[in-house]
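Just below is one structure, and these are the notes that go with it.
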Amino acid sequence: MIEIIDGEAVASEIRDGLGDAIATLEDAGVTPGLATVLMSDDPASETYVSMKQQDCEEVGIDGIHVEIDPGAPAAELYETVEDLNANDEVHGILVQMPVVDQVDTRRVLRTVAPEKDVDGFHPENVGRLVAGDARFKPCTPHGVQKLLAHYDVETEGAEAVVVGRSDIVGKPMANLLVQKSAVGNATTTVCHSRTEDLAGHLGNADIVVAAAGVPEMIDGTMLKEGATVIDVGINRVDADTEKGYEIVGDVEQASAREVAGRITPVPGGVGPMTRAMLLWNTVKAASEQAGIEVTLP
Ligand code: GUN
């Protein structure tokens with residue numbers, strides 16, 4: 001019997017736990033603040049950012065949203081981030097990716113103050129994560145770890161295959177799974193667009209994290225019986241629906257459910273966890289900046 005991993009339920013538990021931490025901060029006169037910055041006209045990015053702001057409001061984090069005209073010079077974005085770095089009411093800063101072409105993405109990531117970098121994308125924070133001393137784990141891989149822990153998925157000694165090598169998901173995910181730590185100690189393989197025998201790797205995998213951004217590229221015939229399948233994909237594909245599209249993951253769910261032991265649905269699996277872990281990182285940032293200890297869920 002396949003077990004469906006309920007990301008909404010786990011995210012909701014995490015938000016409840018964060019509520020207690022936020023109350024502790026409030027008692028000490030500190031309201032955690034998260035700034036989101038959008039310089040893009042991608043409708044999906046606009047949706048993601050507005051959901052993040054809504055999440056903040058629901059748990060009692062002060063949300064500040066800055067929108068920069070996509071046609072403006074890149075300097076406007078760098079200066080906005082510097083202003084937010086200097087703003088004591090802002091504990092976390094998230095610049096929604098991807099940004100418009102005139103912006104140097106690496107420069108933006110370096111401009112965010114590392115202690116406010118709740119995405120975990122600043123080179124200092126990437127280095128700390130790789131060294132096993134993470135300050136902020138990037139939200140999606142962090143959320144995947146929380147799901148694996150919640151469902152008692154044994155990672156120690158397991159064969160884990162991460163499909164996709166993005167800076168946002170694939171690389172940090174693989175780094176976390178391989179580490180000598182809780183929800184780590186996995187024998188970890190990273191597959192990507194140049195991998196010659198993807199099915200061969202997946203056929204050995206006890207844990208699959210699919211994060212390539214290719215609609216339904218993995219099907220049940222490629223999976224090992226009983227595998228835990230974490231589908232990070234959020235792909236818009238044309239469909240005969242009211243909106244003209246539907247969202248599918250990187251895994252073809254129907255055939256995967258015939259073979260896998262556990263699987264995350266899309267939507268309702270990893271997505272809600274990514275959002276919850278952004279709140280988690282923001283509360284951690286506020287706690288550290290204010291010097292007030294809290295218990296994080
Ligand atoms: N775009 C897609 N995922 C993310 C994310 O986790 N953080 C930011 N800043 N942009 C993204």
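Bear in mind that the values in this text are calculations on the coordinates, not laboratory data. Since the structure is predicted, the reported quantities are computational estimates derived from the model, not experimental observations. Counting neighbours? That spans all protein chains shown, and the Cβs are built from the backbone with ideal geometry, glycine included.
Here the relative contact order of the chain, from alpha carbon pairs under 8 Å that lie six or more residues apart, stands at 22 percent. Between residue 288 and residue 106, the simple label model (points 7 Å from Cα in the Cβ direction) yields a spacing of 2.4 nm. Relative to the Cα centre, the charge distribution of the range 167-297, modelled as +1 at Lys and Arg Cβ and -1 at Asp and Glu Cβ, gives a dipole magnitude of about 540 debye. By how many degrees, between 0 and 90 and to the nearest 10, does the Cα long axis of helix 74-85 differ from the longest principal axis of the chain? Helix 74-85 and the main axis of the chain meet at about 70 degrees.
Return the percentage of antiparallel bridges among DSSP beta bridges fully within the chain, rounded to the nearest 5 %. Walk me through the numbers on the way to the answer.
Details: 4 of 32 bridges.
Here the antiparallel bridges make up roughly 10 percent for the chain.
Taking the centroid of alpha carbons for each part, the range 220-258 and the range 170-196 are 21 Å apart. Take every Cα pair under 8 Å whose residues are at least 6 apart in sequence, average their separation, divide by the length of the range 1-99, and the relative contact order is 36 percent. Compared with the dominant Cα axis of the chain, that is its longest principal axis, helix 43-59 is turned about 70°.
Can you tell me what the convex hull of the Cα atoms of the chain projects to on average, as an area in nm²?
Values: hull surface 61.9 nm².
With the hull built on Cα positions only, its mean projection is 15.5 nm².
Here r is the Cβ-Cβ distance between residue 28 and residue 154 and R0 is 45 Å; the resulting FRET efficiency, rounded to 0.05, is 0.70. Phi angles of the range 19-29 translate, via the Karplus equation with coefficients 6.51, -1.76, 1.60 and θ = phi - 60°, into HN-Hα couplings of x, 5, 5, 5, 4, 4, 5, 4, 4, 8, x Hz per residue; Gly and Pro are given as x. Using a cutoff of 8 angstrom between alpha carbon atoms and counting only pairs six or more residues apart, the relative contact order for the range 104-221 works out to 23 percent.
Using mean Cβ contacts within 10 Å as the protection proxy, how do 3-11, 172-180 order, highest first? Don't skip to the answer; put the middle values down first.
Numbers: 3-11: 18.2, 172-180: 22.2.
Descending packing order for the listed peptides: 172-180, 3-11.
Other residues lying with their Cβ under 13 Å from the Cβ of residue 285 contribute a combined charge of -3, Lys and Arg counting +1, Asp and Glu -1.
For a paramagnetic label modelled on residue 53 (point 7 Å from Cα along Cα→Cβ), amide N atoms under 20 Å away belong, within the range 88-119, to 88-100, 118-119. Near the amide H of residue 245, within less than 5 Å, lie the amide hydrogens of 239, all on another chain or at least 5 residues away, with H placed in the peptide plane. What the phi angles of the range 245-260 give under the Karplus curve with 6.51, -1.76 and 1.60, with θ = phi - 60°, is a coupling list of 8, 9, 9, 10, x, 8, 10, 7, 5, 4, 6, 5, 5, 6, 10, 5 Hz, glycine and proline written as x.
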